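Asks: Here it is: the structure, laid out below.
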Amino acid sequence: MRSIYNDRHALHHGKVEMFRGELMPCFEIPARVDHVLRELKARGLGPIDAPAAFDDAAIARVHAPRYIDFLAKAWDEWVALDPANAGRDALPSYWPIRTFRSDVLPASFAARLGLFSYDAGSPLTAGTWTAARAGADCALTAVRHVLAGERAAFALTRPPGHHAGVDFFGGYCFLNNAAIAAQALRDAGVERVAVLDIDYHHGNGTQAIFYERADVQFTSLHGDPHTEYPYYLGYADERGAGAGAGFNRNLPLARGTGFAAWREALASALRGIADFRPGALVVSLGLDTFEGDPIAGFTLATPDYLHIGEDLARAGLPTVFVFEGGYAVAEVGTNAVNVLDGFMQHAG
């Protein structure tokens, strides 16, 4: 399997995040990708390429222009407010919820930072835009290879993407790589695209992007949002709206769920995908389902990820894998590559 590696990912390296009432070191760190890259090389899974360069048009097919513009300029604006800001990350303090307006773009940087975010756990750093933008190129390059006939490709990048919406960031995510990949597949002529999110945390951004569309089906297995981040989306009754009614499916599972029950949910998800008859599959590959993950609650073990790859391969679809969560850093490389290895062993 070909992997597309973002060698600029480490430019995004947050110092602290707000977690349960206190500032603490970020869980989402560059070492996550470093461990995956090391495992890919050790096991010789396939070529590892740099991404091709794409213009912003493909990103603008998913994200709002004013949001893209904000992300591209945010760090310079932050430092212009106070030169000392160069030594600290930007975290939002205000959010326009409920009856507040969001159509007017405030002059205040702090207000715009809050307008385009939904949590205080996603620090914006000097290299955030560069890293996220290169990540989108990784996803688009993986799509290019799959469209050219390769069975699968893997976009190895961070920051992750599935929590990012049309015009907001959060959950460590700034650009939604899985959604960008799905839209690129559609724009290339794939009539129907399925997105399967297997991260522990619901892909609220991806759901919101495609919620009213019938050409992209979104399915997610995740921790029950009654108790798990992102809390406000991911319930089973969210089935899509308008033209998209019936094309969104959530399979929330209780904290403590083990592999047997999780795999049953995956089988159900894959049956729904087969009924949709897509021409391609995008997998949001989160590994925070692992039993040792510090901010999640399932109990999957390292060998289980080989079986996940096997199950995904049996869907028989051209597949783009996009790296998402997974914060048990020492194990994330083996777990991620196990999925890819299991897939390739059973890809006919």
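The values are calculated or read from the model by the stated rules, or taken from the named source; none is laboratory data. As the structure is a computational prediction, the values presented were derived from the model and not from experiment. Virtual Cβ from ideal backbone geometry, glycine too; neighbours counted across all protein chains shown. In case anyone asks, the SASA skips ligands and DNA or RNA and just uses the protein heavy atoms, side chains included. Shrake-Rupley method; radii C 1.70, N 1.55, O 1.52, S 1.80 Å.
Asks: Identify all residues within segment 299-311 that are part of a loop (DSSP other than H, G, I, E, B) and touching a Gly at 6+ places or on another chain (Cβ under 7 Å); write none if there are none.
Replies: Start the filter on segment 299-311 by keeping residues that are part of a loop (DSSP other than H, G, I, E, B), which leaves 299, 301-303.
Matches in segment 299-311: Thr299 only.
Asks: Another question, if that's okay. In segment 75-91, what residues are open to solvent by 80 Å² or more (accessible area, probe 1.4 Å) and in contact (Cβ under 8 Å) with a residue 12 or more places away in the chain? Quick ask: steps written out before the conclusion?
Replies: Applying the first criterion (open to solvent by 80 Å² or more (accessible area, probe 1.4 Å)) to segment 75-91 yields 76, 80-81, 83, 88.
Result: Leu81, Arg88.
Asks: Now for a separate question. So, Arg98, is that one modelled with pLDDT of 95 or more and charged (D, E, K, R) or not? Can you show your working first?
Replies: Working: modelled with pLDDT of 95 or more: no; charged (D, E, K, R): yes.
Here the answer is no, as Arg98 does not meet what is asked.
Asks: Pick from segment 166-201 the residues that are of a type in the set (D, E, K, R) and in a loop (DSSP other than H, G, I, E, B): which of them is nearest to the chain's Cα centre (by Cα)?
Replies: Our first condition is that a residue be of a type in the set (D, E, K, R); within segment 166-201, this holds for 167, 186-187, 191-192, 197, 199.
So of that shortlist, the ones also in a loop (DSSP other than H, G, I, E, B) come out as 167, 191-192, 199.
Values: Asp167: 15, Glu191: 22, Arg192: 20, Asp199: 8 Å.
So the residue we want is Asp199.
Asks: Please list, ordered by first then second residue, the pairs with beta carbon atoms under 7 Å, 6 or more apart or interchain, first in segment 33-48 and touching a residue at least 24 places away in the same chain (Cβ under 8 Å) and under 17 Å from Val329 (Cβ atoms), second of a type in the set (Lys, Arg) and crowded, with 16+ Cβ neighbours inside 10 Å.
Replies: Val33/Arg158
Asks: Let me ask something else. Pro47 passes all but one of (1) in contact with an Asp or Glu (Cβ under 6 Å, 6 or more places away or on another chain); (2) within 28 Å of Leu185 (Cβ to Cβ); (3) not acidic (Asp, Glu); which number fails?
Replies: (1)
Asks: Any chance you could count how many residues in segment 12-40 are open to solvent by 80 Å² or more (accessible area, probe 1.4 Å) and in contact with a strand residue (DSSP E or B) (Cβ under 7 Å, 6 or more places away or on another chain)? Write out each step before concluding.
Replies: So the first thing to find is which residues in segment 12-40 are open to solvent by 80 Å² or more (accessible area, probe 1.4 Å), and the list is 13, 15, 18, 20, 22-23, 25, 38.
Of the ones still in play, those that are also in contact with a strand residue (DSSP E or B) (Cβ under 7 Å, 6 or more places away or on another chain) are 23, 25.
Count: 2.
Asks: Return only the number of the condition from (1) free of Cβ contacts under 8 Å to residues at least 60 places away in the same chain; (2) outside any helix (DSSP H, G or I); (3) surrounded by 14 or more Cβ atoms within 10 Å (Cβ to Cβ) that Ser122 does not satisfy.
Replies: Condition (1) is where Ser122 drops out.
Asks: If Ile29 satisfies all but one of (1) at pLDDT 95 or above; (2) more than 21 Å from Thr125 (Cβ to Cβ), what's the number of the condition it fails?
Replies: Here Ile29 meets the rest and fails (2).
Asks: Given the criteria crowded, with 23+ Cβ neighbours inside 10 Å and under 23 Å from Leu281 (Cβ atoms), does Gly171 qualify?
Replies: Details: crowded, with 23+ Cβ neighbours inside 10 Å: yes; under 23 Å from Leu281 (Cβ atoms): yes.
Answer is yes for this residue.
Asks: Further question: Where the second residue is surrounded by 14 or more Cβ atoms within 10 Å (Cβ to Cβ) and the first is among the polar types (S, T, N, Q) and lies in segment 92-113, which pairs have Cβ atoms under 7 Å and are six or more apart or on separate chains?
Replies: Final answer for the pair search is Ser93/Ala110; Ser93/Gly114; Ser102/Pro96; Ser102/Leu115.
Asks: I've got another one for you. Quick check: is even one residue across segment 291-301 among the hydroxyl-bearing types (Ser, Thr, Tyr), free of Cβ contacts under 8 Å to residues at least 60 places away in the same chain and touching an Asp or Glu at 6+ places or on another chain (Cβ under 7 Å)? Before the answer, list the steps.
Replies: Of segment 291-301, the ones among the hydroxyl-bearing types (Ser, Thr, Tyr) are 299.
Adding the requirement that they be free of Cβ contacts under 8 Å to residues at least 60 places away in the same chain leaves 299.
Next cut, touching an Asp or Glu at 6+ places or on another chain (Cβ under 7 Å) only: 299.
Yes, some residue in segment 291-301 is among the hydroxyl-bearing types (Ser, Thr, Tyr), free of Cβ contacts under 8 Å to residues at least 60 places away in the same chain and touching an Asp or Glu at 6+ places or on another chain (Cβ under 7 Å).
Asks: Does segment 150-163 contain any residue that is open to solvent by 40 Å² or more (accessible area, probe 1.4 Å) and over 15 Å from the mean Cα position of the chain (by Cα)? Write out each step before concluding.
Replies: Applying the first criterion (open to solvent by 40 Å² or more (accessible area, probe 1.4 Å)) to segment 150-163 yields 150-151.
From the residues that got through so far, the ones that are over 15 Å from the mean Cα position of the chain (by Cα) too are 150-151.
Yes, segment 150-163 contains at least one residue that is open to solvent by 40 Å² or more (accessible area, probe 1.4 Å) and over 15 Å from the mean Cα position of the chain (by Cα).
Asks: Given the criterion at pLDDT 95 or above, part of a strand (DSSP E or B) and among the aliphatic types (A, V, I, L, M), identify the matching residue among Val337, Val320, Val332.
Replies: Values: Val337 fails: part of a strand (DSSP E or B); Val332 fails: part of a strand (DSSP E or B).
From the options Val337, Val320, Val332, the qualifying one is Val320.
Asks: Being free of Cβ contacts under 8 Å to residues at least 60 places away in the same chain, β-branched (Val, Ile, Thr) and open to solvent by less than 60 Å² (accessible area, probe 1.4 Å), is that true of even one residue in segment 4-11?
Replies: no
Asks: While we're on this one: Since Ala72 meets every condition but one in (1) surrounded by fewer than 21 Cβ atoms within 10 Å (Cβ to Cβ); (2) in contact (Cβ under 8 Å) with a residue 24 or more places away in the chain; (3) within 21 Å of Ser284 (Cα to Cα), which condition does it not meet?
Replies: (3)
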